[in-house]
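Just so it is clear, none of the values below were taken in a lab; they were calculated from the coordinates. Just so it is clear, the structure is predicted and the values come from calculations on it, not from any experiment. When we count neighbours, we look across all protein chains shown, and the Cβ atoms used for this are built from the backbone with ideal geometry, even at glycine.
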Amino acid sequence: MFIRSLLVIIFLASAFSAAAQNTAPEFSLKDRYISSAGFVFSRANHDKDNEPFLGLCYSPSLNMLNKLSDFSVAIASHFAVSNHFKTINDPSDYLLLSFPAFIQFNVGHLATHNFYSSLGISFGAGYNFGVLNSEFDMGALLITTIHFWFLKHSFTVGYVQTHFQNHDTVMRELSLQLNIGAYLKDARNNNKISKFVKPFRK
């Protein structure tokens, strides 16, 4: 009886210990979510004229592969609201709204919350769903970006190309964004430390 009771106590103690050591969630949005916001300049060869658009954008991403410091695979978007101003070829004002979804591969700077590199690149492909001059359209999208430190801040320069189907329009978009999030403070320290402890980087 004593031995059986002792085994039960040992079993329960082991179970509670294992539960206490496994309190951290395996999938944490806080550690996987990365975003940036900024300005976007676009041109569309609508009706064979390169019509200009100027607006704002926001780029959220969620890492699916997040184990390495300087490499990740994410599902991402690049929301943009741009305005077309009057031109000689198109004397009317109207909006361009973009709601893309794509898979993105990230290397180096901004790949994860724990990145060490001062420079990084991303590239991806997916589909863009948009509203052009009050008409819905969609098409295949390609995106490439460069991430870097400048004046103690993290920036992204991005290029997006979309071939909208219904209007047979190719949209080319250039953006300058500020990478945002409190985690960048820790990442900045990681970059400083990595210069001295490269053999011991994660």
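Suppose we look only past 26 Å in the calculated P(r) of segment 30-200. What percent of the Cα-Cα pairs does that tail hold?
Numbers: 4710 of 14535 pairs.
Tail of the P(r) past 26 Å holds 32 percent of the pairs.
Computed from the Cβ-Cβ distance with R0 of 30 Å, the FRET efficiency linking K67 to F41 stands at 0.25.
Dipole size of segment 30-200 about its Cα centre, with +1 on Lys/Arg Cβ and -1 on Asp/Glu Cβ: approximately 1160 debye, rounded to the nearest 20. From least to most packed, judged by other beta carbons within 10 angstrom and beginning with the fewest, M171, M64 follow the order M64, M171.
Using the Cβ of A182 as centre and a radius below 15 Å, the other residues enclosed give a net charge of +3, where K and R count +1 and D and E count -1.
With R₀ fixed at 25 Å, the C-beta to C-beta distance from K185 to L142 puts the FRET efficiency at about 0.15. Candidates F102, S36, V81 compared by Cα position along the dipole of segment 30-200: farthest toward the positive end lies S36, with charges placed on Cβ. The residues F71, F136, when put in order of fewest to most other Cβ atoms within 10 Å, stand as F136, F71.
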